[in-house]
Structure formats: structure tokens, C-alpha cells
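What follows is calculated from the coordinates using simple rules that are stated; it is not laboratory data. A quick note: this is a predicted structure, and the numbers were derived from the prediction, not measured. Cβ: placed from backbone, ideal geometry, glycine included. Neighbour counts: every protein chain shown.
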Amino acid sequence: MSALKKFFKDTIIYGIAAILPRAINIGLLKLHTDVFGADRYAVNTEYYVYAAYLNALLTYGMETAFFRFFSREQEKGKIISTSFITLLVTTTIFLLLGLTFAPEITTALGFEKIMYVKILIWTVFLDTIVVIPFAYLRVTNRPIRFAGIKIANILFLAILNIVFLWMIPNGVLSEKWLPDAFNFYIKGEAQVIYIFLANVLASLLTLIVLFPNILKIQWTYDIQILKKLLVYGTPIMIGSLAYVTNENVDKLFLGEFIGDAEMGKYAGCYKLGVFMTLYITAFRLGAEPFFFNHAKEKNAKNNYATILKWFTILGAIFMLVVVAYIDLFANMLISKKEFLEALAIVPIILLANLCLGIYNNLSIWYKLTDKTNYGMYISIFGAMVTILFNIIMIKKIGYMASAWATLVAYGSMMVISYILGQKHYAVPYNIKKIICYLVVVSILSGIAFYGPLRGNYFVSTLLVLVFLTIVYLLEKNELKQILQKTALK
């Protein structure tokens, strides 16, 4: 099996692992927006912003460092054990300190109940200690088991959401089935805390399923390996914190500057951009171990160039389809009309996420050359752009400022990474075609969303067909070669 063929095969499996759970999560958006108004939905959003920051901080780049050194070190068992034990120890310390100072943390973060903070701490703890076991499944080419566990997690999460937020409040199921530990459950009333509770229970299930893998880890520790992991991973951690800032700080600013209701609307429609996030996540899960494992092959750079081009093409198709049928998707996934006021952010967020996906592809240059400091600098620059743009513009144009800030940040990061990458690890990317596809899909998406015939699905379909035709005309020779090889096999 060729390297590219294996890459695309694994990416499809990882895609299922990424897309199905997030698709179910999108489905939960309808339940959440039906049960909660925009102001209460903002509490849910703020909660997961803090969770994202904690996850980035507590993993401190160990996952990417694990991939890097597992692919080239001889004593792979020590890489596994050292990285896992390190995360286990530091995360356990976080758990103990977090529970001890939960009252103070609750006040500092402005949460209504201490239970919110306790559940947050336990969730982050459980999610962090399974990072290395999941990474091991990926690097050893076990995508099916990886996908199965991820899907089981989200199915369990979805079931608990439905039970807590719909079945019990509507009398479909009696609250008597709940154990005594759930004595805080308010009969007949849907509460935001139940979303958090479902999350921590799903994370616990994942740990239980992965526990046999954890038991197989050799309990050996190597300080020299730890130093290598930390030196490589620390800039990744700082970059991850900057990424979380790019993704989430806008929601905190919106709540502070123009109120929770407006932030809730923005956050609800922002989730419609998750279609692109699904695609990017699926790609990243397959791409990261592939890029490291095949870096020494003669045609590695040509493969990277081919992958980026087709990533851009498929991402552009995703973007155009979502924008062209945006009203259909929005009405399917969002229950209350108040959320739809922020629908104009979706095309911008989709394009921003596509730029982020391209940046993730381009970032392989600093990961393969061990120049992760550059990734940190680029991410910090993007975070600064996001923060400044939001602070200056939110009071002038509201939540649209946050959408444009995301696009400007990711677009600039993409350009900077390409320029630096060509100096340190030149890859023959077909930049003219990539720019062409980005420009064309932006124009067609603008026509679909802002044009006078928005909502006319004949026109929407025609716009998608126009883009597909352009792709065919530009890529027909390569497509024919692919079809011929497939036919011969």
C-alpha cells in the first residue's frame, strides 16, 4: 500500500472518529438551544472555554512531543511510560489542588455554583490522563480502536444529555432511577450543570475502556527522555494556549463587553462552523503521525504538497456546501430564532477555520526540524491579533468583530508559516492553485450568502457545481491518473 493511500485510508477512519462524535454534538446543539436561552447557553460556553485552557496547559505539548520522539527513539517503551507518568503526576497534583481550592476558584471565575468547578476539575483530570493512551493508538496505526472509543464516548454523552435535559424534565423517565449521589438534581427542571455532569461521566467511561491499555504501560522513567519531551513540547504548549485564545477569548470578551445574551447567540452560530472543524480534526488525527513516520522518505515533500492541495480543495467544498445551504442547516440545528441573529458570522468562521487547517498542514516544517519555537511565536502573534481586534472592534460592530478577528488571525498565521517554512524546510506547494481555490470559494460563498437569491436551493446547487467544475478543469489530469491506478488495481 502506497504511503499516500495508507494516509487517506487512516484519515477516513479517523474522520469517522472525529466527525461522528462532533456530528452528534451538533445534534445536541438543537436540544441545548431549545432548553436554554442565549444567556444561559453563554454559561455553558464559558465553562468549556476554561476547560480548553486547562487541557492545553496540563498536556503541555506532550502529545506532539510523544509523536516526535516515538518515531525516532529506539527505546519506545520509555517514551510511553515517561510521558504517561509525567502527565499522571502533574494532573493528579492539579486535581488535589483544584478540589482543595474549589471555593476560591468558583469566586475567581464567577461561576454560580461550586459544583461547576468540581465537575470541571474532574473532567479535565480524566481527559488529560488518557492523552498518551490515545496517542499510542494513533502512532501504532490502530485507528479502528481509537474511533470505537471516541464514538462510544460521544454516544454515552448524548444519551445522558437527552436523559437529563429532556426525558426526566418532561416526565418520560422518573428521576427515581438516579443514584443518591445525584441529590442535587432538580426535579422537572433542566439545568446547565447536567451538560457538565454528562461530560464528566462520559470521560470516566473513556478511562475505564482504556484502562487495559494503561495497565500494559511499563512503569519505567527516564529523566533524559523527559528533558527532550519538555524542551520540544513546551513551545507547543504555549502555542496551544495561544490557539485556545484564538478560538475562545472572543466569547469571554463578548460576554464582558456586550452581555451574555449576545455572546450566547454568537456561540450558538459559531458551532455551525464546526463542519469545517470536523474536517480539520479528522485530517489532523491522521496527518500528524503520518508526517512524522514518513519524513525520511525520498518523496515526502512531494506528498506533503499533494496532501495540502487536496486538503484545500475538499475544505473549500465543505465551506461552500455549508454556506450555500446555511438556512437549511441552521433551522435543522438551532431551535430558537434569537440565536439565528448571529448567522452572518458563519461564512467568515468557515473561511477562518479553513485557513487554520492550511496552517496546521504548513506547520509540519517546524515540527520536523525541531524548531517548535517558531510555532509558539506564530501562535502568540495570532493570539495578540485576536485580543487586540476584539478589544478595539467589539463595541463598534458587536460579535461580527470576533468573527473577523478569527479570520485575520488565522489568515496571517497561515501566510507567516508558509514564508518561514519555505526558508527552513522548503516544500513544493502549488501556491497559485491554493490561492485560486480560496479566492473562488470566497466569491461563490459571498454570492450564496449575501446574494438576492439566498435560500434558492437551485442556485445553491448551481454554485457548488460551478466550483466542482473548476476543480475538475484544473485537476483533471491528476484525477485521471488516480482513476487509472484504481482501475488497474
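From the helices alone, meaning DSSP H stretches of at least four residues, give me the mean residue ellipticity at 222 nm for the chain, per-run term -39500 (n - 2.57), in deg cm²/dmol to the nearest 500. Working shown, then result.
Working: 20 runs with 391 residues, N = 489.
That calculation yields -27500 deg cm²/dmol at 222 nm.
Among all helices in the chain defined by DSSP H, which have a length of 27 Å or more along the axis from Cα atoms plus a Kyte-Doolittle mean of at least 0.5? Could you put the intermediate results ahead of the total?
Values: long enough: 3-35 (47 Å, 0.73); 38-59 (32 Å, 0.11); 76-100 (36 Å, 1.45); 143-162 (28 Å, 1.60); 193-215 (33 Å, 2.21); 223-257 (47 Å, 0.64); 274-293 (29 Å, 0.98); 300-324 (36 Å, 1.34); 372-397 (37 Å, 1.24); 399-424 (38 Å, 0.72); 431-450 (28 Å, 1.87); 457-488 (38 Å, 1.02).
Helices meeting the criterion: 3-35, 76-100, 143-162, 193-215, 223-257, 274-293, 300-324, 372-397, 399-424, 431-450, 457-488.
Using 0.36 nm per residue, how much length does the chain from Ala152 to Lys227 gain when fully extended, once their Cα-Cα distance is taken away?
Numbers: separation 75, 0.36 × 75 = 27.00 nm, distance 3.53 nm.
Stretched out fully, the Ala152 to Lys227 stretch lengthens by 23.5 nm.
When a/c reaches 1.5 or more, the comparison of a/b and b/c decides; with that in mind, is region 186-245 rounded, prolate or oblate per its Cα gyration tensor?
Working: a/c = 5.17, a/b = 1.59, b/c = 3.26.
Here region 186-245 falls in the oblate category.
Given a Förster distance of 35 Å, report the FRET efficiency between Ile144 and Glu341 from their Cβ-Cβ distance, rounded to the nearest 0.05.
On the way: r = 42 Å, r/R0 = 1.21.
With R0 = 35 Å, the Cβ-Cβ based efficiency is 0.25.
Send over the semi-axes of the chain's equivalent ellipsoid, whole angstrom and largest first, taken as the square roots of 5 times the C-alpha gyration tensor eigenvalues.
Working: eigenvalues 229, 191, 97 Å².
Equivalent ellipsoid of the chain: 34, 31, 22 Å, largest first.
Once you put a point 7 Å from the Cα of Leu109 and another 7 Å from the Cα of Lys480, both along the Cβ direction, what distance in nm separates them?
5.9 nm
Between Ile258 and Asp370, what is the label-point separation in nm under the 7 Å Cα-to-beta-carbon projection?
Taking the two extended label points, one gets 4.8 nm.
Once fully extended, how much extra length lies between Asp39 and Met393, figured as 0.36 nm per residue of separation less the alpha-carbon to alpha-carbon distance? Walk me through the numbers on the way to the answer.
Details: separation 354, 0.36 × 354 = 127.44 nm, distance 2.17 nm.
Length difference between fully extended and current span is 125.3 nm.
Which FRET efficiency value, to the nearest 0.05, do you get for Asn302 and Val439 by plugging their Cβ-Cβ distance into 1/(1 + (r/R0)^6) with R0 = 35 Å? Please list the in-between numbers first.
Values: r = 25 Å, r/R0 = 0.71.
Plugging the Cβ-Cβ distance into 1/(1 + (r/R0)^6) gives 0.90.
What's the FRET efficiency of Met400 with Leu328 using the Cβ-Cβ distance as r and R₀ = 22 Å, to the nearest 0.05? If you can, show how the numbers build up before the last one.
Working: r = 23 Å, r/R0 = 1.03.
Efficiency, rounded to the nearest 0.05: 0.45.
For a label point 7 Å from the Cα of Lys432 along Cα→C-beta, name the residues of region 455-482 whose backbone N is under 19 Å from it.
The answer is 470-479, whose backbone nitrogens lie closer than 19 Å to the label point.
Testing the spin-label approximation: label points 7 Å from Cα along Cα→Cβ at Tyr472 and Leu97. State their distance in nm.
It is 6.0 nm.
Sorting Thr281, Thr406 on the 10 Å Cβ count, fewest up front, what's the list?
Values: Thr281 19, Thr406 28.
Going from least to most buried by this count: Thr281, Thr406.
Which entries of Lys76/Lys296; Lys265/Lys367; Lys113/Lys251; Lys271/Lys476 show an alpha-carbon separation above 28 angstrom in the structure shown?
Details: Lys76/Lys296 18 Å; Lys265/Lys367 37 Å; Lys113/Lys251 20 Å; Lys271/Lys476 35 Å.
From Lys76/Lys296; Lys265/Lys367; Lys113/Lys251; Lys271/Lys476, over 28 Å: Lys265/Lys367; Lys271/Lys476.
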